[in-house]
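The values are calculated or read from the model by the stated rules, or taken from the named source; none is laboratory data. Computed from a predicted structure; not experimentally measured. Cβ placement follows ideal geometry from the backbone for every residue including glycine, while neighbour counts extend to all protein chains displayed. Side chains included, ligands, DNA and RNA excluded: accessible areas come from the protein's heavy atoms. Shrake-Rupley method; radii C 1.70, N 1.55, O 1.52, S 1.80 Å.
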Amino acid sequence: MLDHTPTPVMERTALRINPAKTCQPIGALYAALGIHRCLPYSHGSQGCCSYHRSHLTRHFREPVMAATSSFTEGASVFGGQPNLLQGLATVFTTYDPDIVAVHTTCLSETIGDDIPQIVGEARRQEIIPASKHVIHANTPSYSGSHVVGFANMAAAMAKAFATPIESKKRGGDRAQINIVPGFVDPSDMRELRRLAEATGLRPVLFPDTSGVMDAPQTGHHQFYPDGGTTIEQLQNLGRAEATLGLGYWASRPAAVAVEDKSGVPRELLDLPIGISATDRFLQVLARRGGAIGADLEAERGRLVDLIVDVQQHLHGVKVAIFGDPDHVLALTEFCRDLGMHPVHVLTGTPGKRFVAEATRILGDKAPHSNIGGEKDLFLLHQWIKNEPVDLLLGNSYGKHIARAEDIPFVRVGWPILDRAGHSLLPTLGYAGAIRLVSRMTDALLDRRDRDAPDHEFELVM
Amino acid sequence: MTEVLAARARQVARAGTGGVDLDCDRQSTSGSVSQRACTFCGSRVVLYPIADAIHLVHGPIGCAVYTWDIRGALSSGPELHRLSFSTDLRERHVVFGGERQLEESLDELIARHSPRAAFVYATCIVGVIGDDVDAVCRAVSERTGIPVIPVRSEGFQGSKRKGYDAACEALMSLVGTGDTAGIPRHSVNLLGDFNLAGEIWIIQEYLRRMGVTVVANLTGDGRVDDIRRAHGAGLNLVQCSGSTTRLAQQLRQAYGTPFQKVSYFGLDDMAAALYGIAEHFKDPEMLDRTRALVAEEIATVLPVIDECRADLEGKRAAIYVGGAFKAISLVKALRLLGVRTALVGSQTGTAEDYRYLAELCDPGTVIVDDSNPAELSQFMATEDVDLFIGGVKERPMAYKMGVAFCDHNHERKVPLEGFVGMANFAREVRASVCSPVWQFTPRRARAGRSGTTAHTGRAAAGAAIEVMC
Ligand code: SF4
């Protein structure tokens, strides 16, 4: 596989090779796992759901529960209403969730199933118990990407539950702040909550897969793990001072939906990866009533201390960054802050904004960089062949390129299919930045050690 | 929640309770958390390992991503199969059709990679949006001079088995188009082996030692030109019967080639497969060579097996795999290791397979078709198993419950076929079952043990844990 990529880049219009994105439903499924006692539900062929669950399991190394309509030939002709009605009946009688989050697939979208109408019918027929909830998101696989699917399901949560609430405070006297965390690991969601709590605010994350996709060993297979945003929390989104949407692609629609439904103002921010973006995140929390105490200052100070210690190893390092747009943009900024040169910056997810934002972040370096929105890894590989880099940052799908071109590779983003621990250790916040810097530096220095002739191989570096 | 779904009552049975007659190959019940895959998955699994062909997934991006390089179907040469090619259909194609997209993609791929053939997988929406995949394939094939084969694999058509059939149909269109000159009488095709972790190379080596020539691999480490002349082989060996029996039947019908169902898992089944071949060719010298081979191989692995058995005796296992034939071999292989099968099931077994399993297993063994997580975890707990053998979706579930695991599916990383594979299997199983980590898992800790036999008592007593087994 490694030598099937020719160096000359040719214009391609029809074909996608080695994608840097996947389809919407898997993102919706992941988001839905972030609601407590929610059963994600895939309205389509049984294969989609099986693939999505397997893929998520490979990254998180956790069981992933989701139900499917199991379309048949008949459904593809006459529509999937009977399948969804029967599916909901099965789900509520068999698996007893508090809420079912239905997402569509390319097939149910193409045949044009009207989900709200079918869910309404299920209510009328009392298939859905009165105390239970069904929400839905349209996630056609032929537009957007998995990140957009995540965003759509997160927005569906707000649309279904957010309402205006006059008296803001509750839960002690601490002011509530809503956070839409983006398509990140459970460890990152945990970290965001910790940071927000450290400022004295009361964060409500939605969705929140911590405690679900990083559940501890209990000796049982808990069908609904303990974590996840509760329905009560979703119903109280309107209590917040503001909703922070982290990452334009994954979180903007949900933050907008909360504002539309409840009047809670939105604050759109980059994913807090690295020092500048985390600073901005905390500044917004401070503006919304949080206080940055000495502990947080010290935490930041330790990060600054580390990057000062290693700056000479990172300065001028040429790096290629690929993955989901919110991650890639934030990583690009962080690498820039560290004095590295992001030579190739690429996402598979569509959206014109990506190129504009990457260009802005790179500033005077932009003319010397390749920036690609809605591109694939075949192209990235070609770029790297034409302009080699010292370091590659991205998900596991970068490993073929890293091996073919012999480049140090730091895994970050989703999915990571060949290493463990990423869902337990954060990438976000100052702690995540410390971890990133340490891993990048290790990768570069390991490489230097590997390549050094004996007489230049040094103990102290 | 953990009761068997009412609609599934006919898909679960116990051995030794009279006639086992499972209803199978049904679509999963709508709304169930099924472990099952779809038609596309079945086709892709079978055809994917053909390494010098283009595999183009026609549809939105997802299907191509989830099947991109996920199995170690190794190739000794070209690795085209490890790239992910998709037409990445977008909204405009759903409205206006994706035929042009498909045609341009094929042209570009064939020009750049000069493959020996191209397979085009039609996914869920392709039929619905009205693309005439057959016509596009025909046109491109005429223009480029290579076989361009449409695979009817829309996911909603049914279960994985349906996809196997579509794949077999695609393969049938290749067989018979090559020159069979020079193929010796003692020759075989290997069907249903996908060369995970290099397994087919082990089998090929055995055959070489026996004096049997392999004409075509279908499809592990497969090559298009070999497959085109597969009709010249004297015998077809069908392993993983679920996926390629149909192909063997079609080959028999079209070319008169007999076939044998074989399993390369476990000592008994592996030896039986080789003897079956030797007997088929009615060559006494080959039979002698085979006897020598089997004796030699078994002698090498027996010490390993005995050693592992000493640690595994009395353990209980659950098996949930794709094909029932594999499940059958696993029951036998585990028995050789002293492990009792408490639960066995598959995604694609036939009623006949399950009847055989019921006869083979000890009375009381639970037998399931198309199971789901709730059911599997319930049985795992009530049957108190020490080991689970399954695939990617079952692994974390088993681990959560404090149960050891062995991947006998796509994600196995060591070869489990052949005599040496049995030794590897024994080691893998022992490594997981006897890991000291189970003592920390709540289930085992609660029970005050990390297994069911003596060695765990040592752990509970706080004895040194470096050598638990
Ligand atoms: S692209 Fe469509 S058919 Fe394929 S997995 Fe995604 S939703 Fe299912």
Please state the relative contact order of the range A:52-189 as a whole percent: Cα pairs under 8 Å, 6+ residues apart? 19 percent
Leaving out ligands and nucleic acids, and using a 1.4 Å probe, what accessible area per residue does the range A:1-108 come to in Å²? 24 Å²
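Rounded to the nearest 20 debye, what is the charge dipole size of the range A:190-336 about its Cα centre when +1 sits on each Lys and Arg Cβ and -1 on each Asp and Glu Cβ? Show your work: numbers first, answer last.
Numbers: 15 positive and 20 negative charges, 49 e Å.
About 240 debye.
So which of A:Lys21/A:Lys159; B:Lys315/B:Lys413; A:Lys318/A:Lys385; A:Lys352/A:Lys399 end up more than 21 Å apart, counting from Cα to Cα? Write down the numbers at each step before the final one.
Numbers: A:Lys21/A:Lys159 26 Å; B:Lys315/B:Lys413 24 Å; A:Lys318/A:Lys385 13 Å; A:Lys352/A:Lys399 27 Å.
The answer is A:Lys21/A:Lys159; B:Lys315/B:Lys413; A:Lys352/A:Lys399.
Starting from the Cα-Cα distance between A:Arg450 and A:Lys385, subtract it from 0.36 nm times their residue separation and give me the gain in nm to one decimal. Spell out each step's value before the answer.
Values: separation 65, 0.36 × 65 = 23.40 nm, distance 2.17 nm.
Taking 0.36 nm per residue and subtracting the Cα distance, the gain is 21.2 nm.
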Computed on Cα atoms only, the convex hull of chain A has an orientation-averaged projected area in nm² of 24.3 nm²
Residue-normalised 222 nm signal for chain A, counting each DSSP H run of n ≥ 4 as -39,500 (n - 2.57), nearest 500 deg cm²/dmol, is -14000 deg cm²/dmol
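Any idea what % of Cα-Cα pairs in the range A:303-398 are farther than 20 Å?
Details: 1422 of 4560 pairs.
Of all Cα-Cα pairs in the range A:303-398, 31 percent lie more than 20 Å apart.
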The relative contact order of chain A, taking Cα pairs under 8 Å that sit 6 or more residues apart, comes to a percentage of 17 percent
All-pairs alpha carbon distance profile, the protein assembly as shown, 20 Å steps from 0, percent: 14, 44, 36, 6, 0
Please give me the summed charge of the neighbours of A:Glu259: other residues whose Cβ is under 11 Å from its Cβ, Lys and Arg +1, Asp and Glu -1. +1
Could you tell me the calculated FRET efficiency between A:Glu11 and A:Asp406, based on Cβ-Cβ distance and R0 = 25 angstrom, to the nearest 0.05? 0.35
Grab the other residues whose beta carbon is less than 13 angstrom from that of A:Arg302, score K and R as +1, D and E as -1, and report the net. -3
Largest to smallest principal axis extent of the C-alpha atoms in the range B:39-172, angstrom: 42, 34, 26
State the percentage of accessible surface on the protein assembly as shown attributable to carbon and sulfur atoms; use a 1.4 Å probe and exclude ligands, DNA and RNA. 50 percent
Quick one: accessible surface of A:Arg448, probe radius 1.4 Å, all protein chains present, in square angstrom to the nearest 10. 130 Å²
Per-residue [θ]222 nm for chain B (sum of -39500 (n - 2.57) over DSSP H runs n ≥ 4, rounded to 500): -13500 deg cm²/dmol
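Can you figure out the FRET efficiency of A:Leu424 with B:Glu313, using R₀ = 41 Å and their beta-carbon distance, to the nearest 0.05? It would help to have the intermediate numbers written out before the result.
On the way: r = 36 Å, r/R0 = 0.88.
That gives a FRET efficiency of 0.70.
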Quick one, could you list the DSSP H helices from chain A stretching 15 Å or more along their long axis (Cα atoms) with average Kyte-Doolittle hydropathy of 1.0 or above? A:146-161
Go through A:Glu126, A:Glu458 and list them by solvent-accessible area, largest first, probe radius 1.4 Å. A:Glu126, A:Glu458
Taking a 1.4 Å probe, which of A:Glu166, B:Glu103 shows the most accessible area, and what order do the others take after it? A:Glu166, B:Glu103
Mean projected area, convex hull of alpha-carbon positions in chain B, reported to one decimal in nm², is 23.4 nm²
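Going by a ≥ b ≥ c, the root eigenvalues of the Cα gyration tensor, does the range B:325-389 fall in the rounded group (a/c under 1.5), the prolate group (a/b larger than b/c) or the oblate group? Numbers along the way, then the final one.
Numbers: a/c = 1.68, a/b = 1.05, b/c = 1.59.
Oblate, since a/c reaches 1.5 and b/c is not below a/b.
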Computed from the beta carbon distance with a Förster radius of 22 Å, FRET efficiency for B:Ala351 and B:Ala272 to the nearest 0.05 stands at 0.40
Rounded, prolate or oblate: which one fits the range A:1-45, using the alpha carbon gyration tensor with axes a ≥ b ≥ c (rounded when a/c is under 1.5, else prolate when a/b beats b/c, else oblate)? prolate
Under 19 Å from A:Lys365, Cα to Cα: aspartates and glutamates that are on another chain or at least 8 residues apart: A:Glu333, A:Asp337, A:Glu357, A:Glu387, A:Asp390
Can you tell me the Rg and Dmax of the range B:187-293, counting just the alpha carbons, in angstroms? 12.7, 35
Can you put B:Glu99, A:Glu121, B:Glu91 in order of accessible area, largest first, using a 1.4 Å probe? B:Glu91, B:Glu99, A:Glu121
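Mind running the shape call on the range A:27-108? Use the C-alpha gyration tensor, a ≥ b ≥ c as the square roots of the eigenvalues: rounded below 1.5 for a/c, prolate if a/b tops b/c, oblate otherwise.
Details: a/c = 2.22, a/b = 1.35, b/c = 1.64.
Here the range A:27-108 falls in the oblate category.
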With +1 on each Lys and Arg Cβ and -1 on each Asp and Glu Cβ, and nothing else charged, work out how big the dipole of chain B is about its Cα centre, in Debye to the nearest 20. 800 debye
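So for the range A:345-461, what percent of the C-alpha to C-alpha distances run longer than 24 Å? Kindly include the intermediate steps, with their values, before the conclusion.
On the way: 2508 of 6786 pairs.
That tail contains 37 percent of the Cα-Cα pairs.
Treating the beta-carbon of each Lys and Arg as +1 and of each Asp and Glu as -1, no other charges, what is the dipole magnitude of the protein assembly as shown about its Cα centre, to the nearest 20 debye? Write out the running numbers ahead of the final one.
Values: 96 positive and 108 negative charges, 252 e Å.
So the dipole magnitude of the protein assembly as shown works out to roughly 1200 debye.
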Please report the spacing between the Cα centers of the range B:291-353 and the range A:348-413 in Å, no decimals. 47 Å
Need the per-residue list for the range B:116-146: every residue with at least 30 Å² less accessible surface in the complex of protein chains than in the chain by itself, probe 1.4 Å, sorted by number. B:Cys124, B:Ile125, B:Val128
Considering the dipole of chain B built from charges on the beta carbon (Lys and Arg +1, Asp and Glu -1) around the Cα centre, which of B:Gly421, B:Ala317, B:Val304 is farthest to its positive end? B:Ala317
Cβ-based net charge around A:Pro116, under 13 Å, with every Lys or Arg adding one and every Asp or Glu removing one: 0
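Remind me, relative contact order of chain B in percent, using alpha carbon pairs under 8 angstrom and six or more residues apart? Mind dumping the intermediate values first?
On the way: 971 pairs, mean separation 80.6, N = 469.
It comes to 17 percent, rounded to a whole number.
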Could you tell me which residue out of A:Leu445, A:Thr332, A:Ile128 lies farthest along the dipole of the protein assembly as shown toward its positive end? Charges go on the beta carbon: Lys and Arg +1, Asp and Glu -1, centred on the Cα centre. A:Ile128
Spin-label model distance (nm) - B:Arg208 vs A:Leu459, 7 Å beyond Cα toward Cβ: 5.0 nm
